Each structure stands twice: as C-alpha cells, then as structure tokens.
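Visitor: Structure provided below as structure tokens; questions to follow.
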Amino acid sequence: MNKAEAQEYQQLLIERRKQIVKKLADTEETLRFLSESRPPELSEEAQEEAFANSLQALSNQERKELFDIEHALRRIESGEYGLCENCGREIGVNRLKAMPAVRLCITCQEDVERAAGA
C-alpha cells in the first residue's frame, strides 16, 4: 500500500471515529434528557436501570469499534496497515473500503467464523 492510499484510509478512520464520539455524546445527552422527564408510571430505579442498559449496550459496540479504529490507525503509522494480522497477506481493497478497521483477510475471517460455528 502506498502512502497516498494509507492516508485515504487514515482519513476514513478518523471520520468514523468522530462520528462514533458524536453519537455517544448525543446518546448520553438524550438519556440525560429522558431521565429528567421520565414518566411517573416507571419507578426511578427501573427508569435508571433501563437507561443504563441502553447506554451500556450502545457503548460496548461503539467502544469495540473505537478500539479497532485506534488499532488500525497505529498500523497505518507502523506501515502494517492493509496486511492480514493472521497470515500476513494483503487485505483486499474492497474489504478495506467497506471496513477500514478490518484486521483479517476474507479467507482468515471465514476460517475464524467457521471455527466459531463448529
């Protein structure tokens, strides 16, 4: 992968990171608003638990994606980006464009999924 291609993926990753951070901030703001205007039929404790569960579910998914993005950005800096972390072969351009933070080539990913299903 040449430097220009790496910079293109770096920008995609940075933009996605910004989107996730904004989404998390917006979710926290919405949950704060809802908790302030909660319906009287729900107990405060039940309401808070529901909000915490919603935020936690969202946060786990978003946190994993942020972790993967940060990992991909470090790999760009080290020159290892675009190489499968399992076999070392190049990851296909279409796969990288669809999922810039991907770590495995399609073959290795299929092997992992097959092993998990077995």
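Visitor: If I ask for residues that are in a loop (DSSP other than H, G, I, E, B), touching a helix residue (DSSP H, G or I) at 6+ places or on another chain (Cβ under 7 Å) and not hydrophobic (A, V, I, L, M, F, W, C), which ones from the stretch 84-102 would you list? Please lay out each step first, then the result.
Guide: Here is the first cut: in the stretch 84-102, the residues in a loop (DSSP other than H, G, I, E, B) are 84-89, 91-92, 99-102.
Now restrict to residues that are touching a helix residue (DSSP H, G or I) at 6+ places or on another chain (Cβ under 7 Å): 84, 86-87, 92, 100-102.
Result: Asn86, Gly92, Pro100.
Visitor: Given the structure, is Ser59 modelled with pLDDT under 95, surrounded by 14 or more Cβ atoms within 10 Å (Cβ to Cβ) and of a type in the set (Gly, Ala, Ser)?
Guide: Numbers: modelled with pLDDT under 95: yes; surrounded by 14 or more Cβ atoms within 10 Å (Cβ to Cβ): yes; of a type in the set (Gly, Ala, Ser): yes.
Criteria met by Ser59.
Visitor: A further question follows. If I filter the stretch 38-54 for residues that are at pLDDT below 95, of a type in the set (D, E, K, R) and surrounded by 14 or more Cβ atoms within 10 Å (Cβ to Cβ), do I get at least one hit?
Guide: Looking through the stretch 38-54, at least one residue is at pLDDT below 95, of a type in the set (D, E, K, R) and surrounded by 14 or more Cβ atoms within 10 Å (Cβ to Cβ).
Visitor: Sort out which residues of the stretch 80-95 are within 12 Å of Gln10 (Cβ to Cβ) and either at pLDDT below 95 or aromatic (Phe, Trp, Tyr) (or both), and write them in order of number. Write out each step before concluding.
Guide: Filtering the stretch 80-95 down to residues within 12 Å of Gln10 (Cβ to Cβ) leaves 81-82.
If the condition is that a residue be within 12 Å of Gln10 (Cβ to Cβ) and either at pLDDT below 95 or aromatic (Phe, Trp, Tyr) (or both), then Tyr81 is the only one that fits.
The values are calculated or read from the model by the stated rules, or taken from the named source; none is laboratory data. Keep in mind the model is a prediction, meaning the values are calculated, not measured. No Cβ is skipped: glycine too gets one built from the backbone with ideal geometry, and neighbour counts run over all protein chains shown.
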